[in-house]
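Scroll down for the structure; my scribbles are underneath it.
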Amino acid sequence: MEDFEWTLHRAVKAENGSALAKRMGVNESRLLDCANPNRENHRMSLELFGQVLTHLPEEGRRLVLGALLNEFGYALVEKQPAAPKELTAALLRLHADLADVTRLAFDAQADGHVCSSEKAALLKEADEVVQSMEVFKQSVKAA
């Protein structure tokens, strides 16, 4: 966790810890103490960590999250926003995908038991609904 702790500390310092604390609405010495791995009481609460991430610029946030994930053998992958479509087309796609989930769920429960293959199919269809909803949201923003 040492690399993560130092990365977090550098990100806080890069944003001028005092100014960052003021933007966050927290006590400056508390933030600097929590972020400094050399301090005995450098433990940061999850709430404070979330506030730090919220107020860091994107590059700082990416470095801190990347270091945290790296500690556990994972990598940070940026989510690509869904490409907007014409609003009516996006809405129709969303309803079609939702209808697919509805039909699958109805059929899966017909015998009173949902088997593992039915669960997998439902989850796959549900993911498609989520993706369609993201496209719809982007389409609304672009309209």
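The values are calculated or read from the model by the stated rules, or taken from the named source; none is laboratory data. It should be emphasised that the depicted structure is a prediction, and the values quoted were computed from it without experimental measurement. Every residue, glycine among them, receives a Cβ derived from its backbone with ideal geometry; neighbour counts consider all protein chains shown.
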* Considering only segment 76-116, how many residues are under 18 Å from ALA142 (Cα atoms) and small (Gly, Ala, Ser)? -> 4
* Residue among GLU59, GLU78 that alone is modelled with pLDDT under 95, assigned to a helix (DSSP H, G or I), acidic (Asp, Glu) and within 20 Å of the chain's Cα centre (by Cα) -> GLU59
* Among the residues of segment 1-33, write down those that are free of Cβ contacts under 8 Å to residues at least 24 places away in the same chain, over 26 Å from ALA75 (Cβ atoms) and part of a helix (DSSP H, G or I). => GLY17, SER18, ALA19, ALA21, LYS22, GLU28, SER29, ARG30, LEU31, LEU32, ASP33
* To do: Scan (1) within 14 Å of the chain's Cα centre (by Cα); (2) touching a residue at least 40 places away in the same chain (Cβ under 8 Å) for the single condition ALA83 breaks and write down its number.
  => (1)
* **Single unsatisfied condition, VAL130 versus (1) of a type in the set (A, V, I, L, M, F, W, C); (2) under 30 Å from VAL12 (Cα atoms); (3) not assigned by TED's automatic domain parsing to the domain that holds LEU48** => (2)
* For segment 1-22, state whether one or more residues are in contact with a Leu (Cβ under 6 Å, 6 or more places away or on another chain) and among the polar types (S, T, N, Q). => yes
* **In segment 40-56, residue modelled with the highest pLDDT [restricted to those that are surrounded by 11 or more Cβ atoms within 10 Å (Cβ to Cβ) and part of a loop (DSSP other than H, G, I, E, B)]** => LEU56
